[in-house]
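Only one structure is covered here, and it is reproduced in the block below.
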Amino acid sequence: MLRPFDFQLRTRVVFGDGSFARLGELARELSFTTTLIVADPGIVATGLVDGAGASLEAAAIRSFSFHDFDANPDSRMVETGRVYAASCGVDSIVAVGGGSSLDCAKGINFVLTNGGTMRDYRGFGKAARPMLPSIGVPTTAGTGSEAQTYALISDRETHAKMACGDPKAAFRIAILDPALTVTQPRSVTAIAGYDAISHAVESYVTARRSGISDLFARDAWRLLDGHYERVLAAPGDRIARGAMLLGAHEAGVAIEQSMLGAAHACANPLTARYGTTHGVAIAVMLPHVVRWNADQIGDRYAELLRASGREGGAAPGSRLAARLEELARAGGLPASLHDLDVPRGDLAALAADAATQWTGTCNPRPFDAAAALELYERAY
């Protein structure tokens, strides 16, 4: 039976080598006049912010840049950005960077236009007023945030990640330029790419999946599985870079429809408690979640294997998990919680935190604290 769905692509996608050069032209189409460029300090150092500013200036658009945030933007950083944006009188936003830049930009947009704090927007559809038009320019093939209406912002006090979503938060345009991803460090390529892979795998099997999310998740997996090892071995390969960037975007579209599952529910407490990089935590947890889910949805995992040219065959969950472990090894990513120096005595507390994560409610196999503890034990 086909599941009901409500689907709308809210973001125009401009893909191709050199497409970043069109930023000013595209911003002018959206009537930008005074723009806030949100980019983390690493992106500023690459010169991309200067390039963005020059492109905007050539289109007669004034710009200001904000970069006072880190890899896990929190509510205080967003508030700092809001104060700065308000002082500049901006009417638009351009985000350049990885998921942290894109999420921080959306967070600033929420509180600048609708007031309050990020806590007020946890959940979906809580922005009552219009939000500023924005353009997202991802420089990593990872989160797919440029395709999503959600901003993931950490609570300053609790360190818990808050998913704050609203249709008005969507970028009007996403510029996907493979050339921007070529110079990123190998570790960033590996971690961000594995995160994108997890999005394709989890969004394909959630309890909320639909025929539309299947289309995007399946093709995302095909692109990501087929090119992840290639971008690590040949970082200058623009075709592989483009496939990863497009795959990450398609996985982001799938998330909008189907959400994620237990791997993300288990990964988030590791980031909150120990500062573990999100993609690293995902790499440790995802193969175990796939094996754990397989009894109920092994046929879905078989479909993913076939989509990437691998025979579904017997025990598809185990075979997919083995492939995910192979990809993690190619990226030099840790294989266990022990490798992350997580104290074994903390597993019960981590499991209690994992059970409160929204993504766990979308997992195809019922997920609670006992399930999370079992998964952490397997991953140790």
Nearest 10 degrees, 0 to 90: helix 278-307 Cα axis against the chain principal axis: 60 degrees
Principal-axis tilt of helix 369-379 within the chain, Cα atoms, nearest 10 degrees: 80 degrees
Option label - Cα extents along the principal axes in Å computed here, alternatives [x] 95, 47, 30; [y] 60, 41, 37; [z] 60, 43, 43: [z]
Point-charge dipole on Cβ atoms (K/R +1, D/E -1) for the chain, about Cα centre, debye to 20: 540 debye
Rounded to whole Hz, the Karplus (6.51, -1.76, 1.60) HN-Hα couplings of segment 161-172, x for glycine and proline: 7, 9, 8, 10, x, 6, x, 6, 7, 4, 5, 5
Student exercise, segment 12-180 dipole from Lys, Arg, Asp, Glu Cβ charges, in Debye to nearest 20: 520 debye
Val38 long-range amide H proximity, modeled H, under 5 Å: Phe66, Val94, Ala95, Val96
Rough spin-label spacing in nm, given labels placed 7 Å along Cα→Cβ, for Met1 and Asp341: 5.2 nm
Spatial separation of Cα centroids for segment 58-124 and segment 331-355, in angstrom: 32 Å
Given charges at Cβ of Lys, Arg, Asp, Glu: segment 39-121 dipole, positive-most of Gly47, Cys88, Pro73: Cys88
Most mobile of Leu232, Leu333, Leu30 in a GNM of the chain (Cα contacts under 10 Å): Leu30
Karplus-derived HN-Hα couplings along segment 331-339 (A = 6.51, B = -1.76, C = 1.60, θ = phi - 60°), whole Hz, x at Gly and Pro: x, x, 8, x, 10, 8, 5, 4, 5
Residue with peak Gaussian network fluctuation, the chain [Cα springs, cutoff 10 Å], from Ser213, Ser31, Ser100: Ser31
For segment 16-23, 3J(HN,Hα) per residue [Karplus equation, 6.51 cos²θ - 1.76 cosθ + 1.60, θ = phi - 60°, Hz, x = Gly/Pro]: x, 4, x, 5, 4, 5, 8, 3
Candidates Phe15, Phe171, Phe66: whichever shows maximal mean-square fluctuation once the chain is modelled as a Gaussian network with Cα springs under 10 Å: Phe15
Order of Trp358, Trp221, Trp292 - criterion: other Cβ atoms within 10 Å of each residue's Cβ, fewest first: Trp358, Trp292, Trp221
Other-chain or far-sequence residues with amide H under 5 Å of Thr143's (modelled H): Gly99
Using a Förster distance of 25 Å, the FRET efficiency for Glu374-Gln8 (Cβ separation, nearest 0.05): 0.05
Estimated 222 nm signal from helices in the chain, with DSSP H stretches of n ≥ 4 weighted -39500 (n - 2.57), rounded to 500: -16500 deg cm²/dmol
Positive-end residue of Leu347, Ser308, Gly279, charge dipole of segment 186-379 with Cβ unit charges: Ser308
Amide H within-cut-off set for Thr276, under 5 Å, with H built and near neighbours excluded: Thr271
Between helix 75-88 and the chain: long-axis angle, C-alpha atoms, 0 to 90°, nearest 10: 20 degrees
Charged-residue dipole, Cβ positions (Lys, Arg, Asp, Glu), segment 186-379 about Cα centre, Debye nearest 20: 360 debye
Prolate/oblate/rounded label for segment 186-379 (Cα gyration tensor, a/c 1.5): oblate
Net charge contributed by nearby residues that have their C-beta within less than 13 Å of Thr140 (K/R +1, D/E -1): -3
Cα-projected label distance for Ala352 with Ala86, points at 7 Å along beta-carbon direction, nm: 3.8 nm
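Taken together, the values in this text are just the output of simple stated rules run on the coordinates, not laboratory data. Computed from a prediction, not measured in an experiment: that's the story for all the values here. Neighbour counts are summed over all protein chains in view; Cβ atoms, including those assigned to glycine, are modelled from backbone coordinates with ideal geometry.
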